[in-house]
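The values are calculated or read from the model by the stated rules, or taken from the named source; none is laboratory data. Worth saying up front: this structure is predicted, and the values here are computed from it rather than measured. Every residue, glycine as well, gets a Cβ built from its backbone with ideal geometry; the counts of neighbours run over all protein chains shown.
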Amino acid sequence: MTVDPKHLRTTLIACLTFAVMVGCASAGASGRGGAVPPGTVPVGVAAIDITPTEPIRLSGYGDRRAPSDSVAQRLWAKALAFGGDGGDPAVLITVDLVGIPLSMTEEVARRLARAGIEREQLVVSATHTHTGPTLAGVLPGIFAEPMSTEQQAVVRRYSEQLVTKLEQVALAALADRRPAHLGWSQGRVGFAANRRVLREGKWTGFGVNPEGPVDHDLPVLRVTDPGGALRAVLLGYASHATTLAGKDNFVHGDWPGTAKEMIERRHPGAVALVTIGAAADANPEPRNGGVPDVLRHATQIADEVDRLLGAPLRPLTTAPRGRLRLLQLPFERTPPRPELERRAQKSDAEGLLARAALERLGRGEAMPATVAYPVQTWTFGEELAMVFLGGEVVVDYARRLKSELDASRLWVNAYSNDVAFYVASKRVMGEGGYEVDRSMLFYGQPARLAPATEDLIVDAVRALLPRDLARTAR
Ligand SMILES: [Zn+2]
């Protein structure tokens, strides 16, 4: 059945508003109790509007001083639910936001546990749009001009409503489950550019580094009904959603939001979802040219998705099985007070970090030695492993995982379950710069991460994957 996306959303929102507890009876019934046709997997799809209903401080850029002035594009939370009630249903939620705090993911997980969703079967992933609302607990140190009490209240209200909406969209996707064919493929899109400009091996500033590594892979998951009609497309791409600039103080989904709209217009009835890869050091190029640049990037994504959908895809015949580990990543060190006081005199990022640490000690708080970090994997049998890393992960992680594991069965996502700091690699730590030091201040962290970080994360991914998918590529 083909459904107009507008009608679909209206129906879902109506369902969510009036019938969450009983589910949307017209959907879902065929996939939950009855026999599953061979080669199909029960899949549900849902979307819910998460556009702020009042002016709110937008997150991602520190130079904005006022709440949003308008809504240029609606923001969405979208969900895919996989698997029957007899197994362990899995839910992926994507959100048009700069990030999501671990505490919110855990709260959504607690609520969905009542619907039989195990924690490791839930992922919440953000598109990292820099024209979306601020959430309580994400990028607390970003603003040059701190939020007023009134603005903080708006952010708190939005954050509370969001939790309920994420629960609702997940439940709607679970209620929508019916037999579907899953297929996946990988293409390439070239607009992500390495943004770390170096001189003699050291970071000098933001820009375009044509020699710097990037990940241009574009993995796509296709969901079709048994008659072949497209129900959903999930795509991943490793670029910041920073086409729009700090001067753009309107609500917008940046290139992921516009790519989704384009795909849904080209495929009426289908819902498009976007996850972001290891994009911490990649910006879209060109950028800062406003909506025309956004359209340019989104068109490249939508065109490549259409090319992939028109070619044979590799079938996935099982629902995903998740595994999750909460690591404790060590900070590089916890400097003693005399050293902090000495460093606090400096005017660079090191001085800023030292002053923030001294304030913490002054409040009677201890310097934390580690920080929590979620690493999650979803495996579709032996056919595909999806990796979901928290935070802003630099490209080296995707490149290393794809070189050490079987890249032909690997899909690397970041900005998942928690966005609480940048995750630099050993190489990037050696070069220094924003993603290593200054960004930690914006995220409210006391120090840079230890060089052991990279191996801890890669080892955790390998340990979570079943033996066949964790093996070194031949
Ligand atoms: Zn970022």
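Within the bounds of segment 204-224, is there any residue that is crowded, with 18+ Cβ neighbours inside 10 Å and of a type in the set (Phe, Trp, Tyr)?
Within segment 204-224, none of the residues are crowded, with 18+ Cβ neighbours inside 10 Å and of a type in the set (Phe, Trp, Tyr).
Identify all residues within segment 382-395 that are within 19 Å of residue 186 (Cα to Cα) and surrounded by 21 or more Cβ atoms within 10 Å (Cβ to Cβ); write none if there are none.
Hits for segment 382-395 are 384, 385, 386, 387, 388, 395.
Run down 292, 286 and say which single residue is part of a loop (DSSP other than H, G, I, E, B), assigned by TED's automatic domain parsing to the domain that holds residue 216 and more than 16 Å from the ligand (Cβ to nearest atom).
It is 286.
Which residues, taken from segment 45-67, are buried (at least 23 other Cβ atoms within 10 Å of the Cβ) and among the polar types (S, T, N, Q)?
59
Which residue is surrounded by the most Cβ atoms within 10 Å (Cβ to Cβ), if the candidates are limited to segment 413-440 and must be β-branched (Val, Ile, Thr) and assigned to a loop (DSSP other than H, G, I, E, B)?
419
Can you pull out the residues in segment 100-137 that are crowded, with 23+ Cβ neighbours inside 10 Å and at positive phi?
Scanning segment 100-137 gives a single hit, 128.
Could you list, ordered by first residue, the pairs with Cβ atoms under 8 Å in which the first is in segment 256-272 and assigned to a loop (DSSP other than H, G, I, E, B) and the second is surrounded by fewer than 24 Cβ atoms within 10 Å (Cβ to Cβ) and of a type in the set (S, T, N, Q), at least 6 apart or interchain?
Taking only residues 6 or more apart or on different chains, the pairs are 268/2; 269/2.
Taking residue 145 as meeting all but one of (1) over 27 Å from residue 233 (Cα atoms); (2) part of a strand (DSSP E or B), write down the number of the exception.
Status for residue 145: all satisfied but (2).
Do any residues in segment 50-65 that are in the same structural domain as residue 163 (by TED's automatic domain parsing) and within 16 Å of the ligand (Cβ to nearest atom) have Cβ atoms under 7 Å from those of residues that are modelled with pLDDT under 95 and part of a loop (DSSP other than H, G, I, E, B), where the two are at least six apart or on different chains, and which pairs are they?
Correct list of pairs: 58/64; 59/138; 59/139; 59/142; 62/142; 62/143; 62/144; 63/144.
Just to be sure, is residue 388 touching a residue at least 24 places away in the same chain (Cβ under 8 Å) and touching a Ser or Thr at 6+ places or on another chain (Cβ under 6 Å)?
yes
When you check residue 372 against the structure, is it at pLDDT 95 or above, surrounded by fewer than 21 Cβ atoms within 10 Å (Cβ to Cβ) and not in a helix (DSSP H, G or I), yes or no?
So residue 372 fits the description; yes.
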